[in-house]
1. Within the protein assembly as shown, what whole-number % of the accessible surface is contributed by carbon and sulfur, with the 1.4 Å probe and all protein chains included in the calculation?
2. Can you pull out the trypsin sites (Lys or Arg not before Pro) in region B:23-55 that DSSP calls coil and that have at most 13 other Cβ atoms within 10 Å?
3. For A:K6, give me every one of the aspartates and glutamates with a C-alpha distance below 12 angstrom, ignoring sequence neighbours fewer than eight places off in its own chain.
4. What does the helix-only formula give at 222 nm for the protein assembly as shown: each DSSP H stretch with n ≥ 4 adding -39500 (n - 2.57), the total divided by the residues, and the result rounded to the nearest 500 deg cm²/dmol?
5. What is the set of long-range amide H partners of B:T159 at a cut-off below 5 Å, with H atoms built 1.01 Å from backbone N?
6. Kindly provide log₁₀ I(q)/I(0) values, in the same order as q = 0.14, 0.21, 0.22, 0.27 Å⁻¹, from the Debye equation applied to equal alpha-carbon scatterers of region A:2-78.
7. Could you compute how much accessible area chains A and B hide from each other, both sides summed, with a 1.4 Å probe? Nearest 100 Å² is fine.
8. Can you list residues from other chains, or at least 5 along the same chain, whose modelled amide H is less than 5 Å from the amide H of B:M63?
Amino acid sequence: MSTEIKFNLNGNDIQVTVKDHWTLLYLLREVMGLTGTKEGCGSGECGACTVIVDGQAVNSCLYLAVELNGRCLITIEGLAGPDGTLHTLQQKFVEHGGIQCGFCSPGMIMSSKALLDENPTPTLDDIKHALAGNLCRCTGYTQIFESIQAAIDTGTEDVEVVAWKNET
Amino acid sequence: MKTFSYLVPKTLDEAVSLFESHSDRVMYVAGGTDVMVKTKQGKIAPDYLISLKHLSDLDKVKMNPDTNELIIGALATHRTLETSTLIRRQFPIIHDAVQHIGSTQIRNVATIGGNIVNAVPSADGAIPLIALDGVAKMYGPNGERTVDLIHFFEGPGQTVLEAGEILTEIIIPSQSSHTGGAYQKVGRRAAMELPLIGVGIVLTLEPDSAVCQKARICLGVAAPTPLRTLSAERFLTGKVLNEDILIEAGNIAAEESRVRDSIRGQAWYRREMVSVFVRRMGLKCLKRIEETN
């Protein structure tokens with residue numbers, strides 16, 4: 001069965017027809033071509049597919065696309081500015097070695113963003129608690145925690161949401 | 001992945017009648033974090049999923065001001081419980097448990113009702129609610145009924161829910177003053193881990209003394225279903241509580257537990273951990289009672 005849904009994607013209102021059994025991850029990657037969001041385990045263990053729905057980090061691999069109706073979605077594509085300027089979190093991940101192979105990075109950054117939006121001054125324990133569902137096999141996590149702490153220190157946690165262009 | 005139709009009722013009656021009209025290969029789904037994984041793995045193959053997510057009001061956590069009962073809607077997410085000030089202040093035992101279930105991403109979506117209905121022996125959401133004498137409220141083709149949460153579970157993956165019935169609320173009765181509770185999941189790490197054993201304790205003391213008026217010791221993963229260790233509870237009742245008494249209660253509870261070897265840990269170790277954590281959680285209860293009175 002197909003359903004027409006309306007939601008806000010990275011600041012743009014869009015309308016799309018989805019099959020009932022599609023996951024949000026499938027909609028993003030296979031239908032919309034937004035491949036910034038990664039599929040790791042596909043079962044909610046690794047967090048590579050993390051996106052933000054109505055301000056909350058969720059695993060897009062377990063979230064049904066149809067459930068997006070009326071909601072507000074932010075993906076990794078929504079973080080950098082229109083001119084390509086990186087979001088503070090992205091910049092700090094680059095500067096502090098929070099990115100190595102890069103596969104976990106979109107998920108890590110979305111989980112970090114959800115945390116900072118809710119709590120702009122988290123402790124290291126808060127950061128660890130919020131990121132417990134994101135696996136990284138390269139960094140050993142220390143650089144990731146340092147990247148987030150560096151982003152906190154800049155004190156500029158406004159998200160410039162870039163407009164995603166609906167080509168169809 | 002297998003295809004299915006996703007039905008979105010707005011009321012309980014609509015949900016139940018949808019279930020009855022699609023009685024073959026139909027399932028209720030709430031947060032979907034278990035249903036989606038099992039569907040992807042091919043362990044289940046529903047033709048219809050009936051979403052309970054949009055039933056109004058069942059995602060709330062609130063006190064009934066007349067009865068002082070805590071009403072937890074079955075559709076409340078673990079995250080709602082984790083971040084609730086009411087829960088943190090008045091029912092810290094629930095906070096102890098929900099904060100370490102899954103990850104933030106899972107807790108944002110997964111519901112307490114789903115955790116209970118799955119009836120996995122290692123699910124730790126139910127243990128504190130049983131220790132608090134929680135009651136499960138259900139609604140189905142034959143109307144509404146309630147059952148004490150401890151009697152809700154019949155075996156691994158099996159509950160008293162009949163076809164078409166929906167768990168709607170968990171009701172926690174009014175707590176006496178001088179009551180404290182604590183829960184600990186014991187595992188190899190804190191996050192993204194199922195427990196080797198889960199220990200939830202609620203103690204009520206007589207006002208102005210350390211005499212135990214009521215004790216609840218509930219264990220997870222210690223049997224096919226959540227287990228109350230009644231001998232250990234009886235042992236504590238009427239005694240002046242101190243660490244020595246709690247050590248003894250821990251030993252009794254360990255004896256009563258029906259732990260077994262599994263891929264995550266061995267029975268002897270689990271038994272040891274029951275005795276250790278009954279003592280520790282008992283002490284934590286006493287500390288919490290002292291702090292709030």
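The values are calculated or read from the model by the stated rules, or taken from the named source; none is laboratory data. Source: prediction; values computed, not measured. When we count neighbours, we look across all protein chains shown, and the Cβ atoms used for this are built from the backbone with ideal geometry, even at glycine. The accessibility values were calculated without ligands, DNA or RNA, using every heavy atom of the protein model including side chains. Shrake-Rupley method; radii C 1.70, N 1.55, O 1.52, S 1.80 Å.
1. Numbers: 9590 of 20050 Å².
It is 48 percent, rounded to a whole number.
2. Details: sites: B:R25, B:K38, B:K40, B:K43, B:K53; in loops: B:R25, B:K43, B:K53.
Answer by residue number: B:R25, B:K43.
3. A:E67
4. Numbers: 15 runs with 141 residues, N = 461.
Value at 222 nm, helices only, nearest 500: -9000 deg cm²/dmol.
5. So B:T159 has HN proximity to B:E154.
6. Here log10 of I(q) over I(0) equals -0.37, -0.87, -0.96, -1.48.
7. On the way: alone 8400 and 13860 Å², together 20050 Å².
In total, chains A and B hide about 2200 Å² from solvent.
8. Amide H neighbours of B:M63: B:I71.
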